[in-house]
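Have a look at the structure below before the remarks.
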Amino acid sequence: MDSRSSSDGRNSTPDSPSSTFSSSSAVHRALQLIQSDDQDSKLQGAQEIRRLTKTSQRCRRQLSDSVGPLVSMLRVCDSPESHESALLALLNLAVKDETNKIKIVEAGALEPIITFLQSQSCNLQECATAALLTLSASAINKPVIGASGAIPLLVEILRHGAPQAKVDSVMALSNLSTHPANLSIILEAKPIPSIVSLLKPCKKSSKTAEKCCALIESLVGFDEGRAALTSEEGGVLAVIEVLENGSLQSREHAVSALLTMCQSDRCRYREAILKDGVIPGLLELTVQGTPKSQTKAHTLLRLLRDSPYPRSDLQADTLENIVCNIISQIDSDDQSNKAKKMLAEMVQVSMEQSLRHLQQRALVCTSTDLPISTCTSEVSLK
């Protein structure tokens, strides 16, 4: 099966001009084969369509008329080989092609695809899951897929499927979760233990970790999701590990999930978040995260301190004071020492950034007509 790297699940490359003429004749032949009444010809046509559309966006457009016959193969043919070939052809047709995605669903592909999700054939189950991953990238398809009964089956594959099917399943669920009406359906299927099981061993900077955290971020917006994450052993810790070691986007999802939990019920979730050592990662995020991550990390740190209320003017509400207050309440020496070290490093980074800012201001200042002495005195006052 082709490698997957986007919300569609596949890579795509543009056509070279030299291939245009030969591909046109191949497209014509593939359409003739797939529209034939002979089953062997249909199978050959599906395999040709899969090959032609693997990397060519032009062929995906030219072969759009093959969608109907391919969906018919899913419904009518009895051969697992025919089902798999038709699914893979449809999958490639849908990659980075919104029109084909919608057309495939409108042609009635969801019913047989859902049947294949329950197949005893691992290959067919994987193909069906990959197809849903690609089709779910379309905003038009998301409510239709959600209403089709596919979500509980995707969660079941996330629990018991083959490794690649589990990854495709969580990515499909993440796509579907961006349609609000689908969230309650996903929650009812109780996916969080399986999401955590997939997240724990995976590389925290991977696309899989990003989609797991994006899905968790959506689900902890509900009390059932928050309760499920905190009751799952290592659930909060797995999110914190992404906050520390994930990609920039993953870390943003992770801090958003933790902040949502703490904002929903600080008394209930503060200890669960603190005990797994979130402070070092949050400190790093206040300096090195995206602007949104930095803001959310600051907000979460304020919520995690002993008192959620602002301090008096005598004790300024600075990040250092907030963190020192939290550190003083941490029982574990290892966590406390790590947080103190991280705070010192954060202050050092902040000082270096301030110095660079001053140097840049000095350069800008000296490039103007102002006397150099004026610039020097301004910098020295900082």
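The values are calculated or read from the model by the stated rules, or taken from the named source; none is laboratory data. These numbers were taken from a predicted model, which means no experiment stands behind them. Note that we place each Cβ from the backbone using ideal geometry, even for glycine, and neighbour counts take in every protein chain shown. Note: areas computed on protein heavy atoms with side chains; ligands, DNA, RNA excluded. Shrake-Rupley method; radii C 1.70, N 1.55, O 1.52, S 1.80 Å.
With respect to the conditions (1) free of Cβ contacts under 8 Å to residues at least 40 places away in the same chain; (2) closer than 20 Å to residue 199 by Cβ, residue 293 lacks only one, and its number is (1). Every listed requirement among (1) within 18 Å of residue 97 (Cβ to Cβ); (2) among the hydroxyl-bearing types (Ser, Thr, Tyr); (3) not assigned by the TED database to the domain that holds residue 124 is met by residue 25 save one, (1). Would you pick out the residues in the stretch 283-311 that are farther than 24 Å from residue 218 by Cβ, of a type in the set (A, V, I, L, M) and open to solvent by 10 Å² or more (accessible area, probe 1.4 Å)? Listed by number, the list holds a single entry, 287. With respect to the numbered conditions (1) open to solvent by less than 50 Å² (accessible area, probe 1.4 Å); (2) within 20 Å of residue 221 (Cβ to Cβ), which one is the sole condition not fulfilled by residue 280? Tallying (1) open to solvent by less than 50 Å² (accessible area, probe 1.4 Å); (2) within 20 Å of residue 221 (Cβ to Cβ), residue 280 fails exactly one: (2). Of everything in the stretch 91-106 that is assigned to a helix (DSSP H, G or I) and open to solvent by 10 Å² or more (accessible area, probe 1.4 Å), the residue that is farthest from residue 66 (Cα to Cα) is 98.
Taking the stated definitions as given, is residue 168 of a type in the set (Asp, Glu), assigned by the TED database to the domain that holds residue 50 and open to solvent by less than 10 Å² (accessible area, probe 1.4 Å)?
yes
The listed residues are 60, 51, and the only one of them that is open to solvent by less than 10 Å² (accessible area, probe 1.4 Å) and either basic (Lys, Arg) or not assigned by the TED database to the domain that holds residue 105 (or both) turns out to be 60.
Residue-wise test of (1) closer than 30 Å to residue 215 by Cα; (2) in a loop (DSSP other than H, G, I, E, B); (3) modelled with pLDDT under 95.
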position: 18; (1), (2), (3): no, no, yes
position: 23; (1), (2), (3): no, no, yes
position: 37; (1), (2), (3): no, yes, yes
position: 46; (1), (2), (3): no, no, no
position: 59; (1), (2), (3): no, no, no
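Against the list (1) open to solvent by 10 Å² or more (accessible area, probe 1.4 Å); (2) in a helix (DSSP H, G or I), the condition residue 120 fails is (2). Number of residues in the stretch 243-266 that are under 13 Å from residue 199 (Cα atoms) and of a type in the set (Gly, Ala, Ser): the value is 3.
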